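Values in this text are rule-based calculations from the coordinates and carry no lab data. Nothing here was measured: the structure is a model prediction, and the numbers come from that model. When we count neighbours, we look across all protein chains shown, and the Cβ atoms used for this are built from the backbone with ideal geometry, even at glycine.
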Amino acid sequence: MAKYRHIHTTFWEDPKVLEEMTPEDKYFYLYILTNPKTTQIGVYQITKKQMALDLGYTVESVNSLLDRFINMHKIIKYNEETRELAVIHWGKYNLYKAGKPIIDCVKKELVEVKDKTLLWELMNHIPNEAVVNEFSRYVYDTYHDTSTTGGQKEKEKEKEKENYTESAYTFYEQNIGFMTNFISQDMNQWIDDFDGNEDVIVEAMKIAVEQNKRNWGYAKAILKDWHDKKARTLADVQALQQEFRNKRNQPSEPQKHYEEIAEDGFLF
């Protein structure tokens, strides 16, 4: 069965392509979008040696190009361990519509991805909701799986982190909205800042939801207040809340206090 890849004519008018890419960059970009290893989802396995052979380059030249596209152009991700390449904006041009054959293909290819972290940024650029749902279902259903990193100790460390972030992710998805890559990374940092006490992050989101402030910025304002006051556990937080209630003698005052904090510039 023949495979086709969409390359819009606007490719040549894109400011990044026009102003930032050398002729060699443009050639490489077209290659990573159209080579035989490409998939429907935009993540595929390919070795540097294969790229060098197809393009007529040395492996050193391919290494240089990959570095430019990852760190300078920020168009792709590449996992050295699994030899998987992800085209970040792939979905914008290839996953804007989806009938049953496309969805079936997406499901099949998602299962074959070894490094699931490559899927996060792609999800943010997929315009079709049905396809985004398939990505989300796969990523979240398999979130406890260890990503392909070197060494058993590193795998165990990564899995432990995934375990303690699961309920925060779940609460956010069920009560606030779609989890973007930026928010997931930010949430992980806050969990680290609270010594891995994920229940504190969930508590901040609960207050945001109760106050009808369903956004991550409001929850962050609350977390910053707690962190500044040296609270690190849920017990610490509950003690702070009780202390504030006792001072004001009004159960609702802690939430009003957080509203004032949020208005000081922590929302985005």
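Centroid-to-centroid, using Cα positions, segment 66-80 and segment 181-238 are 32 Å apart. Shown here for segment 2-68: chymotrypsin sites (Phe, Trp or Tyr not before Pro) in loop regions (DSSP other than H, G, I, E, B) with at most 11 other Cβ atoms within 10 Å, namely TYR4. Between LYS108 and ASP192, the modelled labels are 3.9 nm apart [label points 7 Å from Cα along Cα→Cβ]. Overall, the anisotropy analysis places segment 88-139 in the oblate class: the square-rooted eigenvalues a ≥ b ≥ c of its C-alpha gyration tensor yield a/c not less than 1.5, with a/b not exceeding b/c. Go through LYS37/LYS107; LYS16/LYS97; LYS26/LYS116; LYS37/LYS100 and tell me which ones have a Cα-Cα distance over 19 Å in this structure. Correct reply: LYS16/LYS97; LYS26/LYS116; LYS37/LYS100.
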